[in-house]
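The structure appears below as structure tokens.
The values are calculated or read from the model by the stated rules, or taken from the named source; none is laboratory data. Because the structure is a prediction, the values reported are computed rather than measured. Quick reminder, even Gly has a Cβ in these numbers, built from the backbone with ideal geometry, and neighbours come from all protein chains shown. Surface areas here come from the heavy atoms of the whole protein model, side chains and all, with no ligands, DNA or RNA. Shrake-Rupley method; radii C 1.70, N 1.55, O 1.52, S 1.80 Å.
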Amino acid sequence: MNPSTTARKVGFYGHVRQYHNLKSELDAAILEVLESGQYVQGTTLKRFEGELAAYAGAKYAIGVGNGTDALWLTFMALGLGPGDELITNANTFFATAEAMWIAGCTAVLVDCDPLTKCIDPEAVRKAITPRTKAIVPVHLYGQCAPMREIRKIADEHNLFVIEDNAQAVDARGDDFRIGELSDAVCTSFIIQKNLGTFGDGGAIWTDRQDINDRVRKLRNHGSIQRDVHSYGFNSRLDDLHAGVLSVKLKHISAWSDRRIEIANMYTAGLRDCKKIDLPYVRPDYRHVFHLYVIETKDPAERGNLLDYLIQNGIDAKTHYSIPIHKQEGYPWGKEARISGSLANAEKNAASCISLPMFPELEQEEIDYVIDVVRRWDAQ
Ligand SMILES: Cc1ncc(COP(=O)(O)O)c(C=O)c1O
């Protein structure tokens, strides 16, 4: 197949296909909420929170407005604020650091591991000061950060660990599950996430009753009882979204399996390419491939490959082409600190390309993506 003569579209997102595949279940769930008359903090949200907690193996799950709020509400529930340093990696999505600033904390940015792109535990260790209060590892692209090493550092320095799990619902480590080695797990249900709704949504899960109780108050104007308030906000997961997510949660493991299958096909098809590096999966980890991110060995070639893919009808993207500390205006008068070299994060930003990755991709689309990348590589 010659890509230039068979230009076709391979989209980046599959949520409309997913809706069509589950249409009757999703439509019924939405109608049920509409007929219930309970749209905010109603029975559907309560049921979904129970299902999510059971699925995650956690004592509590709390639905909130989005993944960013899940993070800063958790920071606030832990009493973190001005003067407290929280460590994360510079190549995460912007919201991980943004949530630290919203809570009034100091964002400390460290480098990532050159292979997995998740936070480098040695860089975390070097970043610790007497002001450090928490580590916020991100399970980037769908692969767990090295939680055993992070837990060990946290124990040595008496730090909180809050997992940013926006990209890795259904992933696992080699000998740990998400939530097992931290104080709380925060996730996002925005449309394109592996478990996504038709808009914004987020959740926290935890075994800690104090975090559960405080977040439940904070998300609802400081109130768990009518007319009785303390300081709080409005950040709730609407029942319509909870109904949608309740349907989708039943399919998440099968979708993850399909993502892994597609990733394996990409990897087999692209293995002998000379000009790109492929994603690295740590032994025995369940990487659920929220994103399949390749890197051009030469960062100067990234733009060229991206253009080639797009010209050939493949919607590829970059996650993320500007690390947090290089964003315009950084740090906007907020408290931030860079610890050590961020060379791996910067190399990743300059060379990354995300290929289409969603469970509803069809075989000929997968084959076509492989074919186009191989043709570019052979030029
Ligand atoms: C790693 C990471 N953290 C936080 C978020 C924030 O989630 P939301 O967009 O729901 O606020 C996202 C996704 O958007 C993300 O990918």
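Taking the numbered list (1) open to solvent by 20 Å² or more (accessible area, probe 1.4 Å); (2) in a helix (DSSP H, G or I); (3) within 16 Å of the ligand (Cβ to nearest atom) in turn, Arg125 passes all entries but (3).
With respect to Leu270, is the statement that it is within 16 Å of the ligand (Cβ to nearest atom), open to solvent by less than 20 Å² (accessible area, probe 1.4 Å) and touching a residue at least 60 places away in the same chain (Cβ under 8 Å) true? Reasoning before the result, please.
Values: within 16 Å of the ligand (Cβ to nearest atom): no; open to solvent by less than 20 Å² (accessible area, probe 1.4 Å): yes; touching a residue at least 60 places away in the same chain (Cβ under 8 Å): yes.
Answer is no for this residue.
If you go through region 326-350 and pick out every residue that is buried (at least 16 other Cβ atoms within 10 Å of the Cβ), in contact (Cβ under 8 Å) with a residue 60 or more places away in the chain and either more than 29 Å from Asp277 (Cβ to Cβ) or of a type in the set (A, V, I, L, M) (or both), you end up with 8. Scan region 188-204 and tell me whether some residue there is open to solvent by less than 40 Å² (accessible area, probe 1.4 Å) and more than 16 Å from the ligand (Cβ to nearest atom). No.
Against the conditions (1) surrounded by 16 or more Cβ atoms within 10 Å (Cβ to Cβ); (2) free of Cβ contacts under 8 Å to residues at least 60 places away in the same chain, Tyr320 satisfies every one except (2).
Quick one: in region 96-108, of everything that is open to solvent by less than 10 Å² (accessible area, probe 1.4 Å) and under 27 Å from Lys317 (Cβ atoms), which residue is nearest to the ligand (Cβ to nearest atom)? Filtering first and then ranking leaves Thr96. A single member of Asp170, Asp120, Asp164, Asp111 is surrounded by 21 or more Cβ atoms within 10 Å (Cβ to Cβ), within 13 Å of the ligand (Cβ to nearest atom) and among the charged types (D, E, K, R), and it is Asp164.
Quick check on my filter: what residues within region 184-227 are hydroxyl-bearing (Ser, Thr, Tyr) and in a loop (DSSP other than H, G, I, E, B)?
Thr197, Ser223
For region 205-223, filtered to residues that are among the acidic types (Asp, Glu) and more than 15 Å from Cys186 (Cα to Cα), the residue that is least open to solvent (accessible area, probe 1.4 Å) is Asp210.
Okay, residues lined up against (1) β-branched (Val, Ile, Thr); (2) within 24 Å of Phe189 (Cβ to Cβ); (3) surrounded by 13 or more Cβ atoms within 10 Å (Cβ to Cβ):
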{"position": "Lys23", "(1), (2), (3)": "no, yes, no"}
{"position": "Gly65", "(1), (2), (3)": "no, yes, yes"}
{"position": "Ile87", "(1), (2), (3)": "yes, no, yes"}
{"position": "Ala90", "(1), (2), (3)": "no, no, yes"}
{"position": "Phe94", "(1), (2), (3)": "no, yes, yes"}
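Are any residues in region 67-84 away from the ligand (no atom under 16 Å from the Cβ) and either β-branched (Val, Ile, Thr) or surrounded by 24 or more Cβ atoms within 10 Å (Cβ to Cβ) (or both), and if so, which ones? Passing the criteria: only Ala77.
Per the listing Thr96, Thr68, Thr92, the residue uniquely of a type in the set (Val, Ile, Thr), under 16 Å from the mean Cα position of the chain (by Cα) and assigned to a loop (DSSP other than H, G, I, E, B) is Thr92. With respect to Leu52, is the statement that it is within 16 Å of the ligand (Cβ to nearest atom) and assigned to a helix (DSSP H, G or I) true? Considered against the rule, which asks whether it is within 16 Å of the ligand (Cβ to nearest atom) and assigned to a helix (DSSP H, G or I), Leu52 comes out as yes.
Taken as a whole, the structure leaves Ile128 outside the set of residues that are within 21 Å of Gly173 (Cα to Cα) and touching a residue at least 24 places away in the same chain (Cβ under 8 Å). Scanning region 291-322 for residues that are basic (Lys, Arg) and either touching a Gly at 6+ places or on another chain (Cβ under 6 Å) or not in a helix (DSSP H, G or I) (or both) returns Lys297, Lys317.
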